[in-house]
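The values are calculated or read from the model by the stated rules, or taken from the named source; none is laboratory data. It should be emphasised that the depicted structure is a prediction, and the values quoted were computed from it without experimental measurement. Quick reminder, even Gly has a Cβ in these numbers, built from the backbone with ideal geometry, and neighbours come from all protein chains shown. Areas reflect the complete protein model, heavy atoms only, side chains present, ligands, DNA and RNA absent. Shrake-Rupley method; radii C 1.70, N 1.55, O 1.52, S 1.80 Å.
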Amino acid sequence: MMRLGAIYILLLLSLLRMTEIIDPIEVRVSRLGNYLIRAHKYNKASILFALYLSEYVRADVEKEIRQLLNEQGLESLGVDAGEYKDLPSFFSSRSAEGTVFFVHSMEKGFPEALRYLNFKREEIIDHRVKAVFWVTDKELTRIGNEAPDFFAFRNRVIEFVEVPLAEERRPAVVEFALETEYRSLDEIKRSIKLKETLLSELSKDDEISGYLLSSLGILYDQIGSYKKAIEFHEQALVISKEIGDRRGEGNHLGNLGNAYSHLGQVEKAIEYYQKALVISKEIGDRRGEGADLGNLGNAYSHLGQVEKAIEYYEQALLIGKEIKDPRIINFCEENLKSIKS
């Protein structure tokens, strides 16, 4: 359910700016992408403002636009205005010809970013920069007031002032909440920021909150923040127990085991792996059982208990072959080869 403040802002913006908001979001995404593609085609600068309310909608829309640009051979680059306050210099230091910049966190760059944009606006045009500035209504107003010359250079303001609605966008929200595979440290940190923001924006929705907490735990584990990972996994575990999600409970226990193992607390990790294994067997989750056995093999290998480690790896390998899971198979075969050599 939307907060009353968000509903009020949405209605107000709808009344003030009817030209863009009446179009479906897919049309606005396509329109914004086409502005950028045409600017590249004719070798011109393009300054676009994308007005938004929800961080999740922003991430969702940006993902779609980036895909459109990628199909046209254009690269995209996220820019944190709080980190790079001199945005014109940042743009000109990069190869802007085939790159579109997505600028976020404008408020963190105030007031310095506004001065740089206003006084160096000609650099943006001279270097034919193509940029999308993600802004809230408050940020947009301040840009217009404090950097009027730069704001006058804008090509368009396009609005994405929807907020995620319960059933309408639930599948996409769940997909985003579960995503944990990223290619770089920057992408992981960006995902963490978005997911923490979405978590704070959500109304009471235990299932999606559980997904987000679990995902955040995994991502923090990936960047070495193991204690933070444990905090999120423990919160996710509580939710799974409350809603009776036994599979989720087993997954969270296994993830807690991983975090404690990375902290060097292997004995404690084994306790969690054993609990996860019990649940996997109870609910007939063969993939989960294979993963739990493989984790136990790893843990005992770290403790130097080779025979016990081999026993668990071999059990996991049998399950991996039975269910034709290449990840379990490869994991076990590689570890068995290493431990026996």
Please go through (1) within 27 Å of the chain's Cα centre (by Cα); (2) open to solvent by less than 60 Å² (accessible area, probe 1.4 Å) for residue 287 and return the number of the only condition it doesn't satisfy. (2)
Count of residues meeting criterion [within 26 Å of residue 190 (Cα to Cα) and open to solvent by less than 60 Å² (accessible area, probe 1.4 Å)] in segment 105-161: 26
Index of the failed condition, residue 278 passing every other in (1) farther than 25 Å from residue 213 by Cβ; (2) in a helix (DSSP H, G or I); (3) out of contact with any Asp or Glu (no Cβ under 8 Å at 6 or more places or on another chain): (1)
Inside segment 118-129, can you point out the residues that are in contact with a Pro (Cβ under 7 Å, 6 or more places away or on another chain) and either within 17 Å of residue 102 (Cα to Cα) or outside the structural domain of residue 147 (by TED's automatic domain parsing) (or both)? 124
Just wondering, is there one or more residues in segment 226-239 that are assigned to a helix (DSSP H, G or I), farther than 18 Å from residue 215 by Cα and modelled with pLDDT under 95? no
Answer yes or no: is there a residue in segment 69-77 that is within 23 Å of residue 53 (Cα to Cα), in the same structural domain as residue 43 (by TED's automatic domain parsing), without any contact (Cβ under 8 Å) to a residue 40 or more places away in the chain and touching a strand residue (DSSP E or B) at 6+ places or on another chain (Cβ under 9 Å). yes
Within the set of pairs 6 or more residues apart or between chains, which connect a residue that is closer than 17 Å to residue 247 by Cβ inside segment 212-234 to a residue that is among the aromatic types (Phe, Trp, Tyr) and part of a helix (DSSP H, G or I) with Cβ atoms less than 8 Å apart? 213/232; 214/232; 217/232
Can you confirm whether segment 11-31 contains a residue that is at pLDDT 90 or above and either among the charged types (D, E, K, R) or closer than 24 Å to residue 121 by Cβ (or both)? yes
Counting only strands (runs of 3 or more DSSP E) entirely within segment 63-160, those with at least 3 residues that are modelled with pLDDT of 95 or more are 99-104, 130-135
Out of 240, 280, 338, which single residue is in contact with a His (Cβ under 7 Å, 6 or more places away or on another chain) and of a type in the set (Ser, Thr, Tyr)? 240
